[in-house]
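> Here it is, the structure, as structure tokens.
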Amino acid sequence: MSTTTPDIQGSRPAKSAARPGDRIFSGLSRGSGITLLVIMAAIAVFLTYRAALAISKDSTNFFTTFEWNPAGSPPVFGIAVLAFGTVVSSVIAMVIAVPVAIGIALFISHYAPRKLAKPLAYVVDLLAAVPSIIYGLWGAIFLVPYLDGLNKWLDQYLGWTYVFDKSAEGLARSLFTVGILLAIMILPIITNVTREVFLQVPKMHEEAALALGATRWEVIRMSVLPFGRSGIISASMLGLGRALGETMAVAVVLSPSFLISGHLLDPGGGTFAQNIAAKFNEANEFGRDALIASGLVLFAITLLVNGAARWIIARRKEYSGANA
């Protein structure tokens, strides 16, 4: 008795043609991605071209000069003070905001009763919608005067660290004040993203840890934080991007000067965004090219920060919930 082997390949159903809706959606998605890349490339080309025009006429080193006078003869301008102020104020903001944001996110997602968690989450969401100028006015009118006492306390008890040694008199219009204000501004962003990540932790993981006799903190330490590590990093990078590019709030609060000082409580300093906002209207064509050159550096710093975040997340993916 002979048996015939069925033609398995021939029995496979023919690949159906894509539906018109799928083709349209695919085309729109691909087009959106390409458009974004084109826009980013156009911004980079524009900034690079205008920056090259300015830097080629700079009579000093653009990266190490402490002065900003592109209208002088010869023109003199550099970003040393701006880079220092931007990085220092952003680091202060991150040091303050990230631990507080994680604590608030954990409280809302795992500790607070439901009747309290929802209104608290709503209030945090509202803080993210407050305009920057409102934060700036609040900082100038309320925060600056009331930080004078804190500055004196830090100078008295931590002045030996040099960083908190207040060597100049004046109001608290310093990089330290700017860092505190930026921390308040980025707190809702980091909190919201981190809270949503914590809420995605599989309940099975938490229940398994509780069944083994773990306490609430041990559940968070062993299940929640490892799962949400990549999300915390992403949220922190979003907040850092906001801190690096903040303009109006910093311009209202900070007393700018082109001096680099390790005394964080002393008035003075500057940031990229604050300097661009303060000098753009009064600058001539060449002065605007110089400001665009500083904007190019800020653009590059932002890209590096985001690239570093993606690299950290990729390296830690197997230890977190990113691959769940």
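> Taking amide H atoms as placed 1.01 Å from N in the peptide plane, list the residues 5 or more away in sequence, or in a different chain, whose amide H sits under 5 Å from that of residue 269.
Distant-sequence amide H within range of residue 269: 257, 259.
> In whole Hz, what ³J(HN,Hα) sequence does segment 76-82 give by Karplus (6.51, -1.76, 1.60; θ = phi - 60°), x for Gly and Pro?
With coefficients 6.51, -1.76 and 1.60, one gets 10, 7, x, 10, 4, 5, 5 Hz.
> With every protein chain left in place, what is the accessible area per residue of the chain in square angstrom, probe 1.4 Å?
57
> Another question, then. Kirkwood Rh over Cα pairs of segment 122-232 into Stokes-Einstein at 4 °C, 1.567 mPa s: D in µm²/s?
Approximately 75 µm²/s, per Stokes-Einstein.
> Additional query: Taking the Cα centroid of segment 243-303 and of segment 92-151, what is the distance between the two, rounded to the nearest whole Å?
Using only Cα atoms to place each centre, the spacing works out to 25 Å.
> With charges only on Cβ, +1 for K and R and -1 for D and E, what is the dipole size of the chain about its Cα centre, in debye, rounded to 20?
1220
> Can you tell me what the convex hull of the Cα atoms of the chain projects to on average, as an area in nm²?
The orientation-averaged projected area of the Cα hull of the chain comes to 28.9 nm².
> In the chain, carbon and sulfur make up what percent of the accessible area (probe 1.4 Å)?
Ligands and nucleic acids excluded, carbon and sulfur give 66 percent.
> Most fluctuating residue of 151, 61, 281 in a GNM of the chain with Cα springs under 10 Å: which is it?
Maximum among the listed residues: 281.
> Give me the extension gain from residue 203 to residue 315: residue separation times 0.36 nm, minus the current Cα-Cα distance, reported in nm with one decimal.
Answer, rounded to one decimal: 37.8 nm.
> Out of segment 211-303, which GluC sites (Glu not before Pro) are coil in DSSP terms and have no more than 12 other C-beta atoms within 10 Å?
Those satisfying the criteria are 282.
> Can you list the HN-Hα couplings for segment 44-58, worked out from phi with the Karplus curve (6.51, -1.76, 1.60; θ = phi - 60°), rounded to whole Hz and with x for Gly and Pro?
4, 5, 4, 4, 5, 5, 5, 5, 5, 4, 6, 5, 5, 9, 6
> With springs connecting C-alpha atoms under 10 Å apart, model the chain as a Gaussian network and identify which of 163, 224, 253 has the largest mean-square fluctuation.
Sorting by GNM fluctuation, first place goes to 163.
> I would also like to ask the following. Show which aspartates and glutamates lie in cross-link reach of residue 203 when reach means a straight Cα distance below 17 angstrom and same-chain residues fewer than eight apart are skipped.
Cα-Cα hits under 17 Å: 218.
The values are calculated or read from the model by the stated rules, or taken from the named source; none is laboratory data. Model, not experiment: these values are computed from the prediction. Note that each Cβ is placed from the backbone with ideal geometry, even for glycine, and that neighbours are counted across all protein chains shown. Note: areas computed on protein heavy atoms with side chains; ligands, DNA, RNA excluded. Shrake-Rupley method; radii C 1.70, N 1.55, O 1.52, S 1.80 Å.
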